[in-house]
1. Considering only region 275-298, state which residues are under 20 Å from P160 (Cβ atoms), surrounded by 16 or more Cβ atoms within 10 Å (Cβ to Cβ) and not charged (D, E, K, R).
2. What are the residues in region 130-139 that are in contact with a Gly (Cβ under 8 Å, 6 or more places away or on another chain) and closer than 23 Å to F21 by Cα, if any?
3. Collect the residues in region 176-223 that are β-branched (V, I, T), under 20 Å from the mean Cα position of the chain (by Cα) and away from ligand 1 (no atom under 16 Å from the Cβ), keeping them in residue-number order.
4. Using the structure shown, decide if E391 is part of a loop (DSSP other than H, G, I, E, B), surrounded by fewer than 18 Cβ atoms within 10 Å (Cβ to Cβ) and not hydrophobic (A, V, I, L, M, F, W, C).
5. When you go through R150, R232 one by one, which is the residue that is of a type in the set (D, E, K, R) and under 23 Å from the mean Cα position of the chain (by Cα)?
6. Within region 82-90, can one find any residue that is buried (at least 17 other Cβ atoms within 10 Å of the Cβ) and more than 30 Å from D373 (Cα to Cα)?
7. Identify the residue in region 14-66 that is β-branched (V, I, T) and under 18 Å from E335 (Cβ atoms) and, among all such residues, is surrounded by the most Cβ atoms within 10 Å (Cβ to Cβ).
8. Of all residues in region 86-110, which are of a type in the set (S, T, Y) and either at pLDDT below 95 or more than 8 Å from ligand 1 (Cβ to nearest atom) (or both)?
Amino acid sequence: MASPKTIRWGILATGAISVTFTKDLLVDPITRGVSNIKHTVVAAASSSSKIRAESFLRECDCDASAAAYGSYEELVRDPNIDIVYIATPHSHHYQNAMLALEAGKNILCEKAFTINAEQAKKLVAKAKEKNVLLMEAVWTRYFPLSVYVRETIQNGVIGPVSRVIADNSVPMDPTVNFADGKHRMVNPDLGGGALLDLGIYSLTWIFQTAYHTQEPGLRQPPEVLAAVKKYRGSAADETTTVLLNFPRPESAGGDIHAIATTSFSLAGPDSSIPPVRIQGTKGEIQVFGAAPRPSHTKLILADGTIEEKAWPQPGPGKGSNWFNGYLHWAHAEGEGQGMFWEADEAASAVLEGRKEGKYLGWEETITIMEVMDEIRRQGDLKYPDKIETTEYPTAL
Ligand SMILES: NC(=O)C1=CN([C@@H]2O[C@H](COP(=O)(O)OP(=O)(O)OC[C@H]3O[C@@H](n4cnc5c(N)ncnc54)[C@H](OP(=O)(O)O)[C@@H]3O)[C@@H](O)[C@H]2O)C=CC1
Ligand SMILES: O=C1OC[C@@H](O)[C@H](O)[C@H]1O
């Protein structure tokens, strides 16, 4: 058997999700049956200080030889890095990704990919020019659970998809958690709001089942009708609900309806109610657990078949996800978060010379950004010019 190839990562920003991602990344891939890849972290950078980068590397148990940088500029110049993982607030993704692309680096960039579709298009153009990987880190797409759901649809098991309903809401108390308005969840300067942070998962479920599963030639952007409730009259949305209609020829099953909803103050479905339902003419698939990190599926067919499956994440891991004092999901102690699947895919893409993610390519990322632009247009949800701009460099 050929020995595994090692992919060398550079971590840009040292916040909450960088820690989770890096700890998952360093779990031995053999624990999930992956034998051709190994991951190592060779550097991390913090915009606040080199000391912060050093303590991040220690916290994540990275190799002692990993370099700590006190600026993102130094990180992207490091010739030892194969892929840069970007985990700054969404407001900063465009500037940070452009910085890394200009340096010729492959990139895995957190969601929401950018603030708007124009920024996403510019990054794609730059990735093409530099001939490097540019991948949006929507981890959920790469879970075996998601692969199973898409394959079940593509194998015609539930018939043509006719309707998808998806809810990703978390009942945080903004008056307690975000009282000073500075937190990235509500701060317009950081691209705050439910849509870009949480709603992207509702749209992910809709797109990966109603759009991605169609033949590429049949895929058409949806019509969109949005209701947006602002957070205390600010520029950030607290609750957003969207009706989507995906046009599809009658011969392929006709139009597909979808409802995406999200909120950072209201509860989502509890464990007995599926946050995602994909309905076809012959049955439906229900997805249970939190929409970003689901854990169970239930296939219910019109002929009476019921098939339930559990999708535990391989470990080792820490067992739950807390965010601002709120438990977003709990899972069995010892399970990993599941962020390694997207890391494996980014590594495979680099080794195979691919420039896009296998289950979420540039065209689909841009289409989803265009849908979010339209939702924001209808809801009058505007961010400051400095984070909407495609000017590079712009000081943030
Ligand atoms: N896939 C997933 O499940 C998740 C994805 N995310 C995404 O990851 C990104 C980061 O989220 P998260 O880690 O929770 O955020 P945090 O606020 O915890 O961390 C963001 C980091 O970005 C850096 N940063 C640079 N400039 C700024 C600035 N002006 N304000 C604040 N931070 C700055 C800082 O790191 P430093 O000081 O080191 O430069 C900071 O620690 C977001 O886009 C979010 O959507 C978040 C949570 C879960
Ligand atoms: O991506 C995310 O998923 C999980 C949530 O906890 C977090 O707010 C969000 O950024």
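The values are calculated or read from the model by the stated rules, or taken from the named source; none is laboratory data. From a predicted model like this one, the values you see are computed outputs, not experimental measurements. Quick reminder, even Gly has a Cβ in these numbers, built from the backbone with ideal geometry, and neighbours come from all protein chains shown.
1. Across region 275-298, the qualifying residues are V276, I278, Q279, G280, G283, I285, Q286, V287, T297.
2. Filtering region 130-139 down to residues in contact with a Gly (Cβ under 8 Å, 6 or more places away or on another chain) leaves 130, 132, 135-136, 139.
Within region 130-139, V132, M135, E136, W139 meet the criteria.
3. Our first condition is that a residue be β-branched (V, I, T); within region 176-223, this holds for 176, 186, 200, 204, 206, 209, 213.
Then drop every residue that is not under 20 Å from the mean Cα position of the chain (by Cα), which leaves 186, 200, 204, 206, 209, 213.
Matches in region 176-223: I206, T209, T213.
4. Values: part of a loop (DSSP other than H, G, I, E, B): yes; surrounded by fewer than 18 Cβ atoms within 10 Å (Cβ to Cβ): yes; not hydrophobic (A, V, I, L, M, F, W, C): yes.
Yes, satisfied.
5. Values: R232 fails: under 23 Å from the mean Cα position of the chain (by Cα).
Exactly one residue qualifies, and that residue is R150.
6. So far as region 82-90 goes, yes, one or more of its residues are buried (at least 17 other Cβ atoms within 10 Å of the Cβ) and more than 30 Å from D373 (Cα to Cα).
7. Taking region 14-66 first, the residues β-branched (V, I, T) are 14, 17, 19-20, 22, 27, 30-31, 34, 37, 40-42, 51.
Restricting the remaining residues to those that are under 18 Å from E335 (Cβ atoms) gives 17, 19-20, 22, 27, 30-31, 34.
Working: I17: 19, V19: 15, T20: 20, T22: 25, V27: 20, I30: 11, T31: 14, V34: 18.
Ranking the qualifying residues of region 14-66, first place goes to T22.
8. Start the filter on region 86-110 by keeping residues that are of a type in the set (S, T, Y), which leaves 88, 91, 94.
Once the filter is applied, which keeps residues that are of a type in the set (S, T, Y) and either at pLDDT below 95 or more than 8 Å from ligand 1 (Cβ to nearest atom) (or both), region 86-110 yields only Y94.
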